[in-house]
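**Student:** Just passing along the structure, written as structure tokens.
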Amino acid sequence: MSAEDQLREIEAFLFLEARLADESRYDEWEALVTDDMHYWVPAGPAVGQPSDSLSYVNDNRARLATRMRQLRTGKRHAQTPVSPMRRLITNIEVLDSTATGTTSDGDEYRVGSNFVLYELAAQATHQLRIWPGRTTHTLRRVDGELRMAAKVIELVTATEPQPNMTFLL
Amino acid sequence: MLWDGPPHALVFPNLFLGEMSVAIIEPVSPAEMVHRHTAVQLDGVDDAFNARLRRQSEAAMGPAGFIVPDDAVTAERIQSAMPTQPASERGWIDMSRGVEREVSGEAGQRQALVSDETTNRGFWRQYRRVMTGETA
């Protein structure tokens, strides 16, 4: 696969992942993650060991499954109704890769991108909330398809008090 | 103070102890507050235990957690009814649940059932005392 084709494949994955998150399509979004997925939203820069401090989100696969199960009940006041959202993703760069020209299972790509997410807090205040930040994805090829093994989100506002963040960032 | 079940306590006016989390409530304006929290960490225990307390606090208390965000939306819904109404039409927030079964304990404390609003009434009684000097 050429570098150009590889970038297109990665972009297509990020755009799909973003759209499923925007539309709170929990089952389809969860189908994109690997069995060892780590989903991390630190309360500051993403440095050091996540387990050493308190994060906004620090989900291993089991905890992520609990989060998704909770959201799917439709009984979480914090996401009843779900927040209408749209995010823009830009500045996509493949930072690192273990791929060696041919595509094979187990190949990993570390991908950096910037985003701006617009969220309507439709549960109570009806404020439009703007969430800018940077995402570092770790994508892995599993059964020929890209899957998400890690998603690390560094919010521009990470060190400030946060409103509800109970949707998929 | 909540004794029946996992212990919770509010130390007037803004320190909250909930199980193994500590929270401080900082009023910003009549319509805004900041709720800061952290996990209790113990000296002289295996770090795996403290790490578990950190994970529990994260899961329960944070803005993406499973407890406080639901409470926050409920508070926002209540708050949205407050400043938009003229004072004469604002009505009241009823906090009388369990008032008829409240009893006084030996240390002067008031007791009722875990789901009663004894603690809420206690907070506002003290608030009035501090703000007006009235003791009624």
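The values are calculated or read from the model by the stated rules, or taken from the named source; none is laboratory data. On a predicted model such as this, the values are computed, not experimentally measured, just so you know. Note that we place each Cβ from the backbone using ideal geometry, even for glycine, and neighbour counts take in every protein chain shown. Just the protein is used for accessible areas: all its heavy atoms, side chains included, with ligands, DNA and RNA removed. Shrake-Rupley method; radii C 1.70, N 1.55, O 1.52, S 1.80 Å.
**Student:** With r defined as the distance between the Cβ atoms of residue B:124 and residue A:49 and R0 fixed at 45 Å, what FRET efficiency is calculated, to the nearest 0.05?
**Tutor:** In this case the efficiency is close to 0.55.
**Student:** Any chance you could give the angle, 0 to 90 degrees and rounded to 10, that helix A:61-72 forms with the longest Cα principal axis of chain A?
**Tutor:** 50 degrees
**Student:** Moving on to the next point. Among the trypsin sites (Lys or Arg not before Pro) within the range A:50-102, which fall in a DSSP loop and have no more than 12 other Cβ atoms within 10 Å of their own Cβ?
**Tutor:** Here the sparse-neighbourhood loop sites are A:75.
**Student:** Still on this structure, please answer the following. When the Kirkwood hydrodynamic radius is evaluated over all pairs of different C-alpha atoms of the range A:70-121, what value in angstrom, to one decimal, is obtained?
**Tutor:** 14.4 Å
**Student:** If you count the DSSP beta bridges with both ends in the protein assembly as shown, what percent of them are antiparallel, to the nearest 5? Write out the running numbers ahead of the final one.
**Tutor:** Working: 56 of 60 bridges.
Within the protein assembly as shown, antiparallel bridges account for around 95 percent of the total.
**Student:** May I ask for the angle, rounded to the nearest 10°, between helix B:47-61 and the longest principal axis of chain B, with both axes built from Cα atoms and the value confined to 0 to 90°?
**Tutor:** Between helix and principal axis, roughly 30 degrees.
**Student:** Still on this structure, please answer the following. Measure of size requested: the Rg and Dmax of the protein assembly as shown, with Cα atoms as the atom set and Å as the unit; please supply both.
**Tutor:** In Å, with Rg to one decimal and Dmax whole: 23.2, 80.
**Student:** Viscosity 1.002 mPa s, temperature 20 °C: what is the translational diffusion coefficient of the range A:125-169 from Stokes-Einstein with a Kirkwood Rh over Cα pairs, rounded to a whole number of µm²/s?
**Tutor:** Rounded, D is 167 µm²/s.
**Student:** With a 1.4 Å probe and all protein chains left in place, how much accessible area per residue does chain B have, in Å²?
**Tutor:** Each residue of chain B exposes 69 Å² on average to a 1.4 Å probe.
**Student:** For chain A, report the convex hull volume of the alpha-carbon atoms normalised per residue, in Å³, without decimals. Spell out each step's value before the answer.
**Tutor:** On the way: hull volume 18.7 nm³, N = 169.
Convex hull volume per residue, Cα atoms: 111 Å³.
**Student:** How many percent of all Cα-Cα pairs in the range B:1-91 sit more than 23 Å apart?
**Tutor:** Here the long-distance tail beyond 23 Å is 36 percent of all Cα pairs in the range B:1-91.
**Student:** What three numbers, in Å, describe the spread of the alpha carbons of the range B:62-136 along their principal axes, ordered from the longest?
**Tutor:** Per principal axis, max minus min of the Cα coordinates gives 40, 36, 23 Å.
**Student:** Can you give the convex hull volume per residue for the Cα atoms of the range B:96-136, as a whole number of Å³?
**Tutor:** With only Cα atoms used, the range B:96-136 gives 75 Å³ per residue.
**Student:** If you take every DSSP beta bridge whose two residues both sit in the range B:1-91, what share of them, in percent to the nearest 5, is antiparallel?
**Tutor:** Roughly 100 percent of the beta bridges in the range B:1-91 run antiparallel, per DSSP.
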